[in-house]
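Asks: Before I ask anything, here is the structure I am working with.
The values are calculated or read from the model by the stated rules, or taken from the named source; none is laboratory data. Being a predicted model, the structure only gives us computed values, none of them experimental. We work out accessible area using only protein heavy atoms, side chains counted, and drop any ligands, DNA or RNA first. Shrake-Rupley method; radii C 1.70, N 1.55, O 1.52, S 1.80 Å.
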Amino acid sequence: RETLQRMLDRLGPYGPAGIVALEITQVVLAPIPGQVVGIAAGYLYGVLWGTLLCLLGLGIGTALAIWLARRFGRPLVERLAGAELLDRVDEIVERHGALAFLLIFLLPFLPDDISCFIAGLTPLRVSELIVLAIVGRAPGLVVSTLLGAQAQHLTWRQIALVGAGGLALIALFVRYHAPLEKTMFAVVDRLVQLQGDD
């Protein structure tokens, strides 16, 4: 932690900006999982500031994805998301509106980053979509930054165990991505129907 802190001190005000930039990048380009950015932010800045920095980047990244979708239209989004996923999200959102997006952002194993682009094709207001993304993804970010903040108190063996568990989850997700995603979309549909019944 001390080594990272010294590097951060050399960056000065650009340290927090780096976390924000990484979060924006992972939303728009998705080169790294958002959880990794959250863990790093929590490790370096603690739960409160790490979460706030990530949420700022998330809001900017969501706005940028929406702008790109509205600027370049359905061809860009279909190229990024694929026709099948785009049609699936289209169908759920057409039936259930904003609540469907909130659940997509909130629940695991769903394509939340790509959904920011898909959201840009809807008539929903940009401000509403940003709020949905932030509210839906905030719980996961808090967990990530909490893990990062606690990492300094773990032994190397505990860190190795957590890392191995994370790699196992990633492997399972890669192997069973399609059925997991299909199941979670069915959960979204069912939850929204239950809300409608109430």
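Asks: What's log10 of I(q)/I(0) for the stretch 13-119 at q = 0.10 Å⁻¹, Debye sum over Cα points only, no solvent?
Replies: Per q value, in the given order, log10 I(q)/I(0) is -0.30.
Asks: Where does each of 62, 183, 25 land when they are ordered by accessible area, with a 1.4 Å probe and the largest first?
Replies: 183, 25, 62
Asks: Here's something else I'd like to know. With an 8 Å cut-off on Cα pairs and a minimum separation of 6 or more residues, tell me the relative contact order of the chain in percent.
Replies: Averaging sequence separation for qualifying contacts and normalising by length gives 27 percent for the chain.
Asks: Let me ask something additional. If you take the square roots of the eigenvalues of the alpha-carbon gyration tensor of the stretch 49-105 and sort them as a ≥ b ≥ c, do you get rounded (a/c under 1.5), prolate (a/b over b/c) or oblate?
Replies: In terms of gyration-tensor shape, oblate.
Asks: For the stretch 105-157, state the semi-axes of the equivalent ellipsoid (square roots of 5 times the eigenvalues of the alpha-carbon gyration tensor), sorted largest first and rounded to whole angstrom.
Replies: 31, 11, 7
Asks: Roughly how large, in nm² to one decimal, is the mean projection of the convex hull of the alpha-carbon atoms in the stretch 21-65?
Replies: 2.5
Asks: Let me know the Kirkwood hydrodynamic radius for the stretch 124-198, please, with Cα pairs as the basis and the value in Å to one decimal.
Replies: Every distinct Cα pair counted, the radius reaches 15.7 Å.
Asks: Can you give me the long-range amide H partners of residue 121? Hydrogens built in the peptide plane at 1.01 Å from N, cutoff under 5 Å, separation of 5 or more residues or another chain.
Replies: Those qualifying (amide H under 5 Å, at least 5 residues apart or on another chain) number zero.
Asks: At q = 0.09, 0.11, 0.16, 0.18 Å⁻¹, what log₁₀ I(q)/I(0) does the chain have when each alpha carbon counts as one equal point scatterer in the Debye sum?
Replies: -0.37, -0.54, -1.06, -1.26
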